[in-house]
1. Restricted to segment B:344-375, and to residues that are closer than 17 Å to B:Arg148 by Cα and part of a strand (DSSP E or B), which residue is nearest to the other protein chains (Cβ to nearest Cβ)?
2. Would you confirm whether any residue within segment A:9-30 is among the polar types (S, T, N, Q), surrounded by fewer than 17 Cβ atoms within 10 Å (Cβ to Cβ) and over 30 Å from B:Leu346 (Cα atoms)?
3. Of the residues B:Asp519, B:Asp550, which single one is modelled with pLDDT under 90 and assigned to a helix (DSSP H, G or I)?
4. I'd like the residue in segment B:25-74 that is crowded, with 19+ Cβ neighbours inside 10 Å and charged (D, E, K, R) and, out of all such residues, is farthest from the other protein chains (Cβ to nearest Cβ).
5. In the set A:Val48, A:Val55, A:Val26, which member is under 25 Å from B:Val225 (Cα atoms) and of a type outside the set (S, T, N, Q)?
6. Of the residues in segment A:31-43, how many are crowded, with 23+ Cβ neighbours inside 10 Å and either at pLDDT below 90 or more than 13 Å from chain B (Cβ to nearest Cβ) (or both)?
7. I'd like to check something: does segment B:135-142 contain any residue that is within 14 Å of another protein chain (Cβ to nearest Cβ) and closer than 30 Å to B:Asn398 by Cα?
8. For segment B:241-251, check the following and say yes or no: at least one residue is among the acidic types (Asp, Glu), within 12 Å of chain A (Cβ to nearest Cβ) and free of Cβ contacts under 8 Å to residues at least 24 places away in the same chain.
Amino acid sequence: MSKITKESLENIAKQPKKEENNWIKVGMSSCGIAAGADEVFKVLTEEVKKRNIPVAVKKCGCVGMCSVEPLVEVNVDGMPQVTYGRVNGEVAIQIIEEHIHNHRLVNDHIYDIQVKK
Amino acid sequence: MDKKIIYIKDTSFALDRTKDVHAILLNGLRDRGMQDSVQAVRVADIGAYNQGVVVKVLPDTTYYGVKDEDLGRILDAVKQGTVVKELAARKEPGQLRIVLRNCGVIDPESIEEYMANEGYQAIKKVLFGLKTQDNTIDEMKKSGLRGRGGAGYPTWMKWNFAKKMASDQKYVICNGDEGDPGAYMDRSVLEGDPHSVVEGMMIAGFSVGASVGYFYIRAEYPLAVERIQKAIDQCYANGLLGKNILGSDFNFDLEIRLGAGAFVCGEETALIASIEGKRGAPHPRPPYPSVKGLWDKPTVINNVETLANVAYIINRGGDAFAKVGTQTSKGTKVFALTGKVKNSGLVEVPMGTTIREIVFDIGGGVYKNKNIKAVQTGGPSGGVIPKDFLDTPVDYENLQKLGSIMGSGGMIVMDEDDCMVDIARFYQRFCFDESCGKCSPCRIGTAQMLGFLSKIAEGRGEIGDLDNLRRIAQSMQRAALCGLGQTAPNPVISTLRYYEDEYRVHILDKKCPSKKCRDLLSYKIIPEKCKKCGLCFMNCEAKAITGNKDDGYIIDMNKCVRCGRCFEVCKFKAVGKE
């Protein structure tokens, strides 16, 4: 990796902030991992690979809703940004099939929805 | 065209009719031929509590307390793209995320993602925009940021003292020895956004003229340690740490030191001793660490949450930060909301938010819909705030007036089942265990107070014990060496202040009103309800229950060890507890 300089930081600041779509984030702090986020992350990466879906599965920290971990946040084109809670392997597959493939939200596991501007 | 989305949740405490409402909505959609263009979703949490059925129509219309007969009108409005004005609700109170701005948003192990979210812009601004230490400290002064570790000392003053000291070497330390029971916001920040703390350390280092910084993190947080180490490594690889950072003449190195699990090491002088490799015990102040700290050099110690605010303040300006909060307490505070609350978790709210808003609007109210009794803040150094004061806006001064402290931000909700003597005893035992033993007020005081509290909880209390507790508490507050001992009596003092009646019932009537103190309980079998099944008899380990399936059973309280097993196993509620 090349060194970061004053100029490269200025370039980053100048660039308009990219709104990346098509990702799934799994909360992987201690609270999430204790609740089983490891398995959810594994299932999601495997399913995305198996079905060849152009969606990036990423790790992130804790958003604070610790009582409903593991948390999975999904952002795909044409859908609001949704946070699913109490996700297990089964729900993870539902998220892939319903939310990402059929563009239908999964019942009973949504804890937060953000509308994209 | 994108599909429209309606989402629903029955937020009534009593009966959840979400599924019924969902079915009605699905039928309604089908009747109007909208089933393909609109999806109705059941959600698990809608951000509102005890408001009846809540229906949200994306993007921003919310209806509270919706009756079944209103659903048709709402669907008609959705079809026409309008809003049913008389049903639409106000905006709900929200959280404001400054410290947790990146937690759960970016990948904590990626420096690129941090940089794409304003990362390391603040250190650039400090080195090339503000240029001098004074300008940077001035910006911090404008922000009004106060230490988030508990005492609330203005951060800029701490930095300024250390800056003014002439010394060949100075240090900055990040205090990540989070030990309060129930508090874990520092862990979440370290795990979720390590780079923001690293950047805060760099800015602190520049401001005071330090070239070395230490992260002091407790060993119980392995993931936090791993991620901070990764962040430090990435910074070195990218030239953000080391010599001539970003081409300036600022040099800064960071290292991690692990805490070995002693609560007292969160106290700054004990923490310094621990980093130096000595036994983790405090020493008297002054001299304060900003004058004579680590290896006798001027040292600034800041809490994780404080440091996580720094980059934000520099980027947005101190004045912008100072707009949030109250007169004396600026910015936001992260609370770890735990105990008998529905949505336990981390909550970041502007200073001045009331406890009621935190517990009920964000936390969703008390678990199992019981009545709230009190809220405990500040961990073992804090106190209990009774339910009458729930509308107090949270800031450093207000909490102090109520006999508690802000502390590191633990907020434990207690309901009617919690006994205040038991709570005081729990915290006192914690302080007794964690007292380092160096000064006698704390070493002997915590042991004596725990003794009196145990005596009361076990039914041997005398009315004079209350005065003894108060006397010991006062002398500890005045004479103990460090913060641990000075604040250890706080849970006792505050429970005595608001719940003396409860102590008196324990002492005079030998009863525990919340049925928590084991030794004051007595169990008996209620013959009218007893079906003589023998389940309690079989489960009694102490052989205190005698009888048979024909004559019924009785409990011999002399043999009973009050384990509560019979009470739990009885399916007919025929075992009485009082």
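1. Among them, the one singled out is B:Leu346.
2. yes
3. Working: B:Asp550 fails: assigned to a helix (DSSP H, G or I).
The conditions single out B:Asp519.
4. The residue in question is B:Lys56.
5. Answer to the selection: A:Val26.
6. 3
7. In the first step, residues of segment B:135-142 are kept if they are within 14 Å of another protein chain (Cβ to nearest Cβ); the result is none.
Scanning segment B:135-142 turns up no residue that is within 14 Å of another protein chain (Cβ to nearest Cβ) and closer than 30 Å to B:Asn398 by Cα.
8. The first filter runs over segment B:241-251 and keeps only residues among the acidic types (Asp, Glu), leaving B:249.
Right, trim to within 12 Å of chain A (Cβ to nearest Cβ) and you get none.
No; the residues of segment B:241-251 include none that is among the acidic types (Asp, Glu), within 12 Å of chain A (Cβ to nearest Cβ) and free of Cβ contacts under 8 Å to residues at least 24 places away in the same chain.
The values are calculated or read from the model by the stated rules, or taken from the named source; none is laboratory data. Since the structure is predicted, the reported quantities are computational estimates derived from the model, not experimental observations. As a convention, Cβ positions derive from the backbone with ideal geometry for all residues, glycine included, and neighbour counts pool all protein chains shown.
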